[in-house]
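Trainee: Input: one structure, supplied below.
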Amino acid sequence: MIATESLSKRFPRVTALDRLSVDVGPGVTGLVGANGAGKSTLIKILLGLSPATEGRAEVLGLDVATKGGAIRERVGYMPEHDCLPPDVSATEFVVHMARMSGLPPAAARERTADTLRHVGLYEERYRPIGGYSTGMKQRVKLAQALVHDPQLVFLDEPTNGLDPVGRDEMLGLIRRVHTDFGISVLVTSHLLGELERTCDHVVVVDGGKLLRSSSTRDFTQTTTTLAIEVTDTDEHPDGTSAVRDALLERGVTTHDCSGLPGAGHILLLTAEGEQTYDLVRDVVAGLGLGLVRMEQRRHQIAEVFKDSDEQRKEAIGHGG
Ligand SMILES: Nc1ncnc2c1ncn2[C@@H]1O[C@H](COP(=O)(O)OP(=O)(O)OP(=O)(O)O)[C@@H](O)[C@H]1O
């Protein structure tokens, strides 16, 4: 769907993209990076709206440097910032955008009604957009990106400004854009966790460089780290410490998890196979405590950033 090769974009004072080479296939792909990582710049280059300084890119097999118009016919775009006219209704606006994409009047009206129904705005479709909530405005932006039945859509920070419920609804809608219509999606976010459930594939950029590109499953694969949580009793008012000491007596050390949420109530240790599970069970039972939780931890996408931060700090440390 998308292929870039050593793509760079330099502004006078900042390098927004730095020799980025990445391939994106069909499905829902998350483009994750902190603010300023270069996500919007990449989207504008892929739409043929902004020229790259160096390198090349193709979208649906079309060269972005020469085929911008053909790309924009086949690709939908939901921009990050609010860009909606307040005085017209969702129907008027989306019909207008459909007409701009070349649909005849009757088809534009029909597609608009279908698309507004899909994004959950059918009831309010004749009200002026100026009176809409942030969530409703985001849905209008999504509808105009979908109305011309594109093969691929670029969604730039679609969950921006939404509360947790609105965010979940938007992420569900995005997933359905692919499952119900077969449209592939490239969705950007600076919130790492939210894309784990929505995307098949995740591309992480930082400072305009590619940090990692892999399937979400690979990102969140199970680790060999076991997380354990136990109850306290009168005899052992700090059950966690009692288990830690008892494990140490049997030669098993637990990891320092002071920086993690729930630290103080959770023990982390490396599983060496089935015997580790048996040992933990026997130790907890031997102390008369209850085992609340014993599970394998999963990687989180956030850890990619933590690793790169650590590498950067290390590099700075070595440098001076
Ligand atoms: N037209 C421009 N002129 C100069 N610098 C720019 C321009 N557009 C973007 N930049 C800079 O390029 C870098 C990448 O910006 P970009 O908007 O692509 O990041 P982003 O990952 O989309 O972040 P955000 O979500 O905050 O928009 C930033 O440092 C930004 O200030």
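Trainee: Given springs between every Cα pair under 10 Å in a Gaussian network model of the chain, which of Asp256, Asp218, Asp149 has the largest fluctuation?
Mentor: Its mean-square fluctuation being the largest, the pick is Asp256.
Trainee: Need one number: convex hull volume per residue for the stretch 222-298, Cα atoms only, in Å³.
Mentor: Per residue, the Cα convex hull of the stretch 222-298 comes to 82 Å³.
Trainee: Residues of the chain: accessible area per residue at 1.4 Å, in Å²? Don't skip to the end; give the middle numbers.
Mentor: Details: 16330 Å² over 320 residues.
With the other protein chains kept in place, the chain gives 51 Å² per residue.
Trainee: Taking the full set of protein chains and a 1.4 angstrom probe, give the accessible area of Tyr277 in square angstrom, rounded to the nearest 10.
Mentor: Probe radius 1.4 Å; accessible area of Tyr277 about 60 Å².
Trainee: Run the accessible area of the stretch 1-126 with a 1.4 Å probe and give the carbon-and-sulfur part as a rounded percent.
Mentor: About 51 percent, which is the carbon plus sulfur part of the accessible surface.
Trainee: Still on this model: If we sort 30-40, 57-67 on the protection proxy, mean other Cβ atoms within 10 Å, highest first, what's the order?
Mentor: Ranked by mean Cβ neighbours within 10 Å, highest first: 30-40, 57-67.
Trainee: From the convex hull of the Cα coordinates of the stretch 2-215, what is the mean projected area in square nanometres?
Mentor: 11.3 nm²
Trainee: What residue among Glu123, Glu249, Glu169 has the largest mean-square fluctuation in a Gaussian network model of the chain, using Cα springs under 10 Å?
Mentor: Answer for the Gaussian network model of the chain: Glu249.
Trainee: I would also like to ask the following. Would you calculate the separation in nanometres between label points at Asp256 and Glu73, each defined as 7 Å from the Cα along the Cα-to-beta-carbon direction?
Mentor: It is 6.1 nm.
Trainee: Once every DSSP H run of n ≥ 4 in the chain is given -39500 (n - 2.57) and the sum is divided by its residues, what mean residue ellipticity at 222 nm do you get, rounded to the nearest 500 deg cm²/dmol? Write out the running numbers ahead of the final one.
Mentor: Numbers: 11 runs with 122 residues, N = 320.
Helix-only estimate at 222 nm: -11500 deg cm²/dmol.
The values are calculated or read from the model by the stated rules, or taken from the named source; none is laboratory data. Since the structure is predicted, the reported quantities are computational estimates derived from the model, not experimental observations. Using ideal geometry, Cβ is built from the backbone for each residue, glycine included, and neighbour counts are taken over all protein chains shown. These accessible areas exclude ligands, DNA and RNA; they are computed on the full protein's heavy atoms, side chains included. Shrake-Rupley method; radii C 1.70, N 1.55, O 1.52, S 1.80 Å.
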